[in-house]
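The values are calculated or read from the model by the stated rules, or taken from the named source; none is laboratory data. Since the model is a prediction, treat every value here as computed from it, not as a measurement. All Cβ positions, even for glycine, are placed from backbone atoms using ideal geometry, and neighbour counts span all protein chains on display. When the accessible area is computed, the model is the full protein with side chains, heavy atoms only, and any ligands, DNA or RNA have been set aside. Shrake-Rupley method; radii C 1.70, N 1.55, O 1.52, S 1.80 Å.
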Amino acid sequence: MPKILVTGGAGYIGSHTVHQLRAQDFEVIVADDLSNGHAASVPSEILHVCSLFDRAQLTSLMQTEQVDAVIHFAAFIAVGESTREPEKYFHNNTAGSISLFAAMADAGVNKLVFSSTAAVYGNPTEIPIPETAAINAVNPYGESKVMVEKVLDWLDATRGLRAIRLRYFNACGANNAAGLGERHDPETHLIPLILRAVRTGKPVTLFGDDYPTPDGTCVRDYVHVDDLASAHIAAVNHLLNGGASNVFNAGTGQGFSVKEVVTAVEKITGQSVPYIMGPRRDGDPAQLVADSSKLRQTLGWQPKFDTLESIIESAWVFEKQNLT
Ligand code: UFG
């Protein structure tokens, strides 16, 4: 079976993807600096604690292990923090990725799946958003990913690095059978914060109800982390089968407002959500919903979690089992 190097494999989406790759008999090694990842989320025998900036270690790892392709998750992801510390994001996410790509060149590895984001679109002018929409990041996090996407175009043109860029929408949910779920510190994402409010009784603040949406709260495309993982497997198989570089939105195509998420959580937990309606959070677009038809048609991707309730249910089980 092909051998895959997964950077950031101890993180949230990375660990779910590692689990699915191994279940499908891929050989997997993980490079993670554990700055945000959890060592316990991956088998210790495949974990290499390594920085993206250690080009020599990455090169030697890929050569020794005879890696066929790389799935690159390792990145900082907090939009708010990126506006306060932009250098941290351009350094880690952009320069760190370039260091990895240089190591791939040294080791002769020319297949890559890259974690991009819906944040590359900024405030989109059309919903659902196709991949051809204008690229117009409105925060350093999104721009750090736009820059990598541009670097990848050049590396394809100049030395044949074939890359699939997956622009994720809102990753959520858990794989409870594998003991994996969302454990960010600090947590900034809506679904775990709402579930935590239910569990602790401490209210969550909802950021604004004066958006131009049906109920005034922001609309997002919530996609289960295991469905994102399966998109990576489809992408890596495409590359291993000789497929060309491409870019795909990874979302369900369905949008839900913040208030609809609250209602769905109340239905799943049987409890009311304590919340405070606060002002808007800087930089939040009113709506982000994927047109994911290209991913479905080109790579045959089909999300298994097709209701918001089923996604929240998996996150609620994880919250109760792991975070009390
Ligand atoms: N929200 C609240 N209260 C909270 C947290 C979030 O009301 O305490 C709202 C946000 O304002 C937003 C929605 O819930 O309207 C979802 O917010 P998240 O922080 O869960 O997710 P984002 O849509 O901001 O961010 C996600 C990814 C980012 C990515 C972005 C755009 O986490 O990495 O989508 O693609 F950049």
*asked:* Can you go through L288, L240 and tell me which one is open to solvent by 20 Å² or more (accessible area, probe 1.4 Å) and under 24 Å from D227 (Cβ atoms)?
replied: L240
_Testing A315 on (1) over 17 Å from the mean Cα position of the chain (by Cα); (2) surrounded by 20 or more Cβ atoms within 10 Å (Cβ to Cβ); (3) over 20 Å from I164 (Cβ atoms), one condition comes back false. Which one is that?_
(1)
*Considering T188, T205, T217, which residue is more than 17 Å from V317 (Cα to Cα), modelled with pLDDT of 95 or more and assigned to a loop (DSSP other than H, G, I, E, B)?*
T217
*Do the conditions hold for T125, that is, is it assigned by TED's automatic domain parsing to the domain that holds N36, more than 10 Å from the ligand (Cβ to nearest atom) and outside any loop (DSSP other than H, G, I, E, B)?*
no
*Of all strands (runs of 3 or more DSSP E) completely enclosed by the stretch 1-49, which ones contain at least 2 residues that are among the hydrophobic types (A, V, I, L, M, F, W, C) and open to solvent by 30 Å² or more (accessible area, probe 1.4 Å)?*
47-49
*If you go through the stretch 187-229 one residue at a time, how many are open to solvent by 30 Å² or more (accessible area, probe 1.4 Å) and either in contact (Cβ under 8 Å) with a residue 12 or more places away in the chain or among the polar types (S, T, N, Q) (or both)?*
16
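Residue-wise test of (1) at pLDDT 95 or above; (2) of a type in the set (K, R); (3) in contact with a Leu (Cβ under 8 Å, 6 or more places away or on another chain).
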position: V79; (1), (2), (3): no, no, no
position: T83; (1), (2), (3): no, no, no
position: N92; (1), (2), (3): yes, no, yes
position: S97; (1), (2), (3): yes, no, yes
position: A103; (1), (2), (3): yes, no, yes
position: D106; (1), (2), (3): yes, no, no
position: V113; (1), (2), (3): yes, no, yes
position: T117; (1), (2), (3): yes, no, no
position: V120; (1), (2), (3): yes, no, no
*Could you check Y168 against (1) in the same structural domain as I127 (by TED's automatic domain parsing); (2) more than 11 Å from the ligand (Cβ to nearest atom) and say which number it fails?*
(2)
*Can you tell me which residue within the stretch 99-120, out of those that are open to solvent by less than 10 Å² (accessible area, probe 1.4 Å) and among the β-branched types (V, I, T), is nearest to the ligand (Cβ to nearest atom)?*
V120
*Among the residues of the stretch 171-185, count how many are within 12 Å of the ligand (Cβ to nearest atom), open to solvent by 10 Å² or more (accessible area, probe 1.4 Å) and not in a loop (DSSP other than H, G, I, E, B).*
1
*So which of E149, E143 ends up being within 16 Å of the ligand (Cβ to nearest atom), touching a Ser or Thr at 6+ places or on another chain (Cβ under 7 Å) and of a type in the set (D, E, K, R)?*
E149
